[in-house]
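Take a look at the structure set out below.
The values are calculated or read from the model by the stated rules, or taken from the named source; none is laboratory data. Small disclaimer: the values here were computed from a predicted structure and weren't measured. Heads up, the Cβs are rebuilt from the backbone with ideal geometry, glycines too, and the neighbour counts pull from every protein chain shown. Protein only, heavy atoms only, side chains kept; ligands, DNA and RNA dropped before computing areas. Shrake-Rupley method; radii C 1.70, N 1.55, O 1.52, S 1.80 Å.
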Amino acid sequence: MADELNNSLQKQTMLHDLQTILSSSERDYLIRNNGDQVKTDSLKGKKIGLYFSASWCPPCRRFTPSLVDLYNELSIKGDFEIVFISKDRDDESFEGYFSKMPWLAVPFSDSNGRKQLNELFKVKGIPFLVFLDDNGEIVTSDGVKIVMEYGVEAYPFSNDRIKEIKEEEEEARVHQSLKSLLVSKSRDYLVSSDGKKVPVTELEGKTIGLYFSISSYGRSTQFTRKLVNVEEQIKAKNADFEVVMIPLDHDEELFKKELETIPWLSLPFKDKSCEKLARYFELSSLPRLVIIGPDGKTLKSDVAEIVEEHGAEAYPFTPERLSELEELDNAKREAQTFESVLVLGDLNFLIGKDGVKVPISEFVVGKKNVLLYFSAHWCPPCRAFLPKLTEVYNQIKEKEGEESFELIFISSDRDQASFDSYYATMPWLALPFGDDRKEKLSRTFKVRGIPKLVALGPTGQTVSEEVRDLVMRHGAKGYPFTKERVEELEKEEDELTKEWAKKMKIDSLHKHELVLIKRRNYICDGCNEGGETWSYYCKECDYDLHPKCAFQGAAKEEKGSSKEGWVCDGEVCRKKA
């Protein structure tokens, strides 16, 4: 698709030179943010980036600083320029945004010129960056992605250059060494907290942890404190282990403050190798700790979770040691009890609605099924899920009895007041706000996002860590959310749906044939609610009906109703509002 777009744009652009497409009948110039006018014919023979962007667009604001860095480095060549085509809504917004850009722009007052460029390059979303070669032909319309992934290294942004970079990276993987990872053409050293330059060669033969972080990111900050302690413990054993920070910060002052507080080495701020290594190790989340063995080869692509759980015991991070830790984790899960999960030192109680402390020893009497609810008031999905969860909680309590089931709120709120106001809307127990057990539980159940529901059985062992989806799909019928119960419900659903399929005539509910198939995560066109597993589906219209909605609709048809409630426009059939 991208190649087709590029070819289409190339054919169009070949009909015009830069002076034609960037000028108008009233204007033969572009502007700088200081008001200077630059003749469009001065761009002849240069490679050009056309940057479609706007101040109201968050992705644009995040991308623009990266583009500024690239421009500042390439513009000194004398054969490269960027032209900003604004999609702002007023002149004041344009001027404020353009003031941060070192390149040229089409005047905001030339709305027709900007509109024609948008149409010519088929701009469907922003930020959008098109690179033209020195003949005015399209090199790529995927400039944003290329700049984010490869930066200046991708210049002149041609397919040949991208292919060359990928081949170089593959070659580097085959012959990986500490030098190939941490040394660049312009730098053979790392920096320490006191500003010293330490040669990379001093780390050869050691086990290295490449620590990717952003100092302003909360989870990175938390893990940094943990990693400082872990490194100290490992070094106390006279082990040859060093951490090297790979900073992905955009704020130099924050980076400097972070560097002052850590005992290890770092790549310099905004060093080109930072983004290159992030791409090389396919960074997708933070924090990330990559282990490089004494031979310069990758031992483990990420041990952040392992370090959070086992600390210095994970050293030397060899496959053998990690296998031993996995066996320990399995044994720990098999021996898991309510006490091992919910007790930490003197913290051996929960709190109720009236603030009274409920001892864990009293809480577990009667062998309860328990849900752990990780949530926070500041989280919109949590607030949206709470009414459903409360309804299901009350239904289970009513059916199973007060003593057989309970739920525990584990808060990620930011202050006591938020916790108090949010917990006041809940009918169950909770950990106190700021309780140290919260971090332990988050690690144990690998909480990476909220809301999250974890089910524990009567012995305290984990039944399921994906209960939120089960609650949304099955409600109280999913209780006690075991694998066996879910399989029972799915079997019942399958049999019922197939039985409906035999009995009901649904051909009158839609313009085309509806086929009963298994579908995941669809929106029912009958009731506009989500659905899973079975759907009466029209492939031609991408149309879905819950079996229940199809059943109800067919029943109405059998009583004499007609298709008057539906509208088919040729592309899709919809229920009338």
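Values as computed for the structure displayed
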quantity	calculated
Identity of the residue in segment 187-228, aliphatic (A, V, I, L, M), open to solvent by 10 Å² or more (accessible area, probe 1.4 Å) and not in a helix (DSSP H, G or I), that ends up farthest from Ala239 (Cα to Cα)	Ile214
Hits in segment 229-248 - residues which are crowded, with 22+ Cβ neighbours inside 10 Å and of a type in the set (D, E, K, R)	Glu231
Which numbered condition Ile31 fails, given (1) in contact (Cβ under 8 Å) with a residue 12 or more places away in the chain; (2) within 17 Å of Tyr155 (Cβ to Cβ)	(2)
Test: residue in segment 181-188 that is modelled with pLDDT of 90 or more and among the polar types (S, T, N, Q)	no
Residue among Phe419, Phe374 that is aromatic (Phe, Trp, Tyr), within 21 Å of Phe445 (Cα to Cα) and crowded, with 17+ Cβ neighbours inside 10 Å	Phe374
Only listed residue being farther than 20 Å from Lys452 by Cβ, open to solvent by 70 Å² or more (accessible area, probe 1.4 Å) and of a type in the set (Ser, Thr, Tyr), chosen from Ser323, Ser361, Ser404	Ser361
Failed condition for Leu441, given (1) within 30 Å of Cys524 (Cβ to Cβ); (2) in contact (Cβ under 8 Å) with a residue 24 or more places away in the chain	(1)
Tally, over segment 250-263, of residues that are surrounded by fewer than 20 Cβ atoms within 10 Å (Cβ to Cβ), within 21 Å of Lys226 (Cβ to Cβ) and of a type outside the set (A, V, I, L, M)	4
Residue count for segment 37-63, restricted to those that are open to solvent by 10 Å² or more (accessible area, probe 1.4 Å), outside any loop (DSSP other than H, G, I, E, B) and over 16 Å from Phe157 (Cα atoms)	9
Residue in segment 157-170 that is among the aromatic types (Phe, Trp, Tyr), outside any helix (DSSP H, G or I), at pLDDT 90 or above and open to solvent by 30 Å² or more (accessible area, probe 1.4 Å) present	no
Of all residues making up segment 139-156, the number that are out of contact with any Ser or Thr (no Cβ under 8 Å at 6 or more places or on another chain) and not in a helix (DSSP H, G or I)	4
Cβ-Cβ under 8 Å pairs, at least 6 apart or on other chains, segment 543-557 side surrounded by fewer than 23 Cβ atoms within 10 Å (Cβ to Cβ), far side among the aromatic types (Phe, Trp, Tyr) and at pLDDT below 60	Phe551/Trp500
Boolean, Lys115 is modelled with pLDDT under 95, open to solvent by 40 Å² or more (accessible area, probe 1.4 Å) and touching a Cys at 6+ places or on another chain (Cβ under 8 Å)	no
The listed residue being more than 22 Å from Ile234 (Cβ to Cβ) and open to solvent by less than 50 Å² (accessible area, probe 1.4 Å), out of Ala304, Ala278	Ala278
Scope segment 235-288; condition at positive phi and touching a residue at least 24 places away in the same chain (Cβ under 8 Å); matching residues	Lys270
